[in-house]
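Let me begin by presenting the structure, written as structure tokens, before commenting on it.
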Amino acid sequence: MSCCACRLSAGCDALAASTHTPEVVRHSTRFYQLLTEPNASRHLWLDPAHVTRTRRYFCCGNSGRAYHGCTSLTLPRDGESWPICEDWSSQHGQPLHRSGRRKHNSAHTTEASYNSSCLVYSFGIGGQWGFDDQHADRGCEVHSFDPTGGSLFEKHSAHVHTNVHFHPWGLASALPCARKDSLLNTRASDGKSSYGALIAGHLFSLDEIVRRLGHEGRRISILKVDCEGCEWDALHHVAYASPVLLNAVDEIMIEFHLDLKQETDADLIRFATTFELLFVQQQFRLWWWHENGLRRYRDVKPASKKEGLRSLALRGPAFPPYAFEIGLRRRARPSSAASHLRIVSGGSACGQCPGPCVLPSA
């Protein structure tokens, strides 16, 4: 069996495992608490001693506040979800002291720190370009992705901004057990999001996208993912097929949807694996937390409240918001100890594959 076949098989085997194993229970419970009660998870913040709340601002269809650990913060504008923190350099990914100086370095963080080596991947546009354009104005090379077809594709293709490059691609999984609308080579009839039908054949795994753009060996300064539920299968793929890919990512801005593609026991395992990948192996920590309170989990139709997160809701806030936007940066080096990766240990036994693991073209 090839390395890729081994890893993809291990990823599917994990989804058939029991949700009552200690690792799944522990990781899913900690992740749910982190999302719904951020103040109860201070140890998972980048700088627990300096977590504060923003002023009230309008975002995502409602007015609210966010928690953050940033001394120089630009709040989202134009009703968008994503802030910008000037406390660190996107080039080097190193946190700064409160004085504005980088640890072990006297260089100040200014717009000059955003240069041609700053690379931003932004998945999920939905007609909102503020985050992408702001980073492009700072000198970053920005690649914006959205596979939605129809009039939204036409609007995205017509957007012109220096340093911003649009691709009608979306994130997916090469695991054959992934949901039909999250699988590579998805047909247009299978691929849908809350913004409309997806363009057929335009879904790829993250490692395949890096390869297609010729960015192997480059650091990704910011990886932004807002893809209406695709995050669960896409990150499950990364956990098995290419976990070391995230070693080259300095910052992650991601929206986690609790009511999208979170219905079954297998989904709960994906949920737990996401926590293990990001917080245990990769050692990412929170610097930004905002709830998307446009809808509450209780408003989701009962048919979608099967197992999965329902068991966690009984142990925590019963009716949390349906989605959370969080910002992550790394406090320490990623863990390379396979023994720490309990849920994904089957994949680690396959070794590191030399290239992206993808399914044959349909």
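Values computed for the structure shown
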quantity: Per-region count, the stretch 238-269, residues charged (D, E, K, R) and at pLDDT 90 or above; calculated: 3
quantity: Criterion (among the charged types (D, E, K, R), crowded, with 18+ Cβ neighbours inside 10 Å and modelled with pLDDT of 85 or more) met by exactly one of Glu216, Glu154, Glu208; calculated: Glu208
quantity: The stretch 26-75, residues that are touching a residue at least 60 places away in the same chain (Cβ under 8 Å), of a type in the set (D, E, K, R) and either exposed (fewer than 13 other Cβ atoms within 10 Å of the Cβ) or at positive phi (or both); calculated: Glu37
quantity: Set Thr19, Thr29: member being of a type in the set (Val, Ile, Thr) and not in a helix (DSSP H, G or I); calculated: Thr19
quantity: The stretch 221-259, residues that are free of Cβ contacts under 8 Å to residues at least 60 places away in the same chain, over 24 Å from Gln134 (Cβ atoms) and of a type in the set (A, V, I, L, M, F, W, C); calculated: Trp232, Leu235, Val238, Leu245
quantity: Top-ranked residue in the stretch 40-65 [being hydrophobic (A, V, I, L, M, F, W, C) and at pLDDT 90 or above; ranked as farthest from the chain's Cα centre (by Cα)]; calculated: Ala49
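The values are calculated or read from the model by the stated rules, or taken from the named source; none is laboratory data. Just so we're clear, the structure is a prediction, and the values are computed from it rather than from any experiment. Quick reminder, even Gly has a Cβ in these numbers, built from the backbone with ideal geometry, and neighbours come from all protein chains shown.
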